[in-house]
Amino acid sequence: MKRHRYEPDSLLEVLHTAQELFGFLNTDVLWHVTRALRVPPSRVFGVATFYNFFSLAPRGAHTCVVCMGTACYVKGSAAVLAAIEAAHGIRSGETTPDGALSLVTARCLGACGIAPAMVFDDRIVGGITVDGALHQLNAWTSHER
């Protein structure tokens, strides 16, 4: 915040840096940002919850993001999401009890041309199928179901 001179317009950069430092944005961090930047809490919490790259809870060792945008949804992303939830016993926004996998949905990844698309950690994959998604996730976890 000091580097950005406590400017309210630096909110995204400040939240991004805070998440890099702490791994996630807990309530105390969000309130600190609110006070330090003199920004309404609704704006800070709104930004933190709107963008899927921000996390309000600790994430697992690996993160899987399923795009639920129109193109991806039409091409089967809902089925992929349902299969992942069933196979790993978690819902979107949750992390497996062993901390191996966090599952997140995104409104749109901006990769409509390769729909359905997912992000495995920082790698975007298009044309994903249920089997392809489960294969990748099983390589990360001990959940061979």
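Ignoring any ligand, DNA or RNA, what whole percent of the accessible area of the chain comes from carbon and sulfur when the probe is 1.4 angstrom? Intermediate values should be presented prior to the final figure.
Details: 4520 of 8110 Å².
C and S atoms contribute 56 percent here.
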*asked:* If I model a spin label at A79 and F53 as a point 7 Å from the Cα along the Cα→Cβ vector, what separation in nanometres do I get?
replied: 3.1
*Would you check the accessible area of M1, probe 1.4 Å, heavy atoms only, in square angstrom rounded to 10?*
60
_Among (i) 15.7, 56; (ii) 17.8, 56; (iii) 16.8, 51, only one was calculated for this model; which label is it, if the read-out is Rg and Dmax of the Cα atoms in Å?_
(iii)
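Between F22 and D121, how high is the FRET efficiency from 1/(1 + (r/R0)^6) when r is the Cβ-Cβ distance and R₀ = 30 Å? Nearest 0.05. Don't skip to the end; give the middle numbers.
Working: r = 19 Å, r/R0 = 0.63.
Once the sixth-power term is evaluated, E becomes 0.95.
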*Lone cysteines, the chain (no partner Cβ under 4.7 Å)*: C64, C108, C112
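What accessible area per residue comes out for the chain, rounded to a whole number of Å², with a 1.4 Å probe? Numbers along the way, then the final one.
Numbers: 8110 Å² over 145 residues.
It amounts to 56 Å² per residue over the chain.
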*For Y51, Y73, give the ranking by accessible area with the largest first, probe 1.4 Å.*
Y73, Y51
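For R38, what charge total do you get from the other residues with a beta carbon under 13 Å from its beta carbon, if Lys and Arg give +1 and Asp and Glu give -1? Walk me through the intermediate numbers first.
Values: positive: R5, R35, R43; negative: E7, D9.
Summing Lys/Arg as +1 and Asp/Glu as -1 gives +1.
The values are calculated or read from the model by the stated rules, or taken from the named source; none is laboratory data. Predicted model only: the values in this text are computed from it and were never measured. Virtual Cβ from ideal backbone geometry, glycine too; neighbours counted across all protein chains shown. For the accessible areas, the whole protein counts, side chains as well, though only heavy atoms, and no ligand, DNA or RNA atoms are used. Shrake-Rupley method; radii C 1.70, N 1.55, O 1.52, S 1.80 Å.
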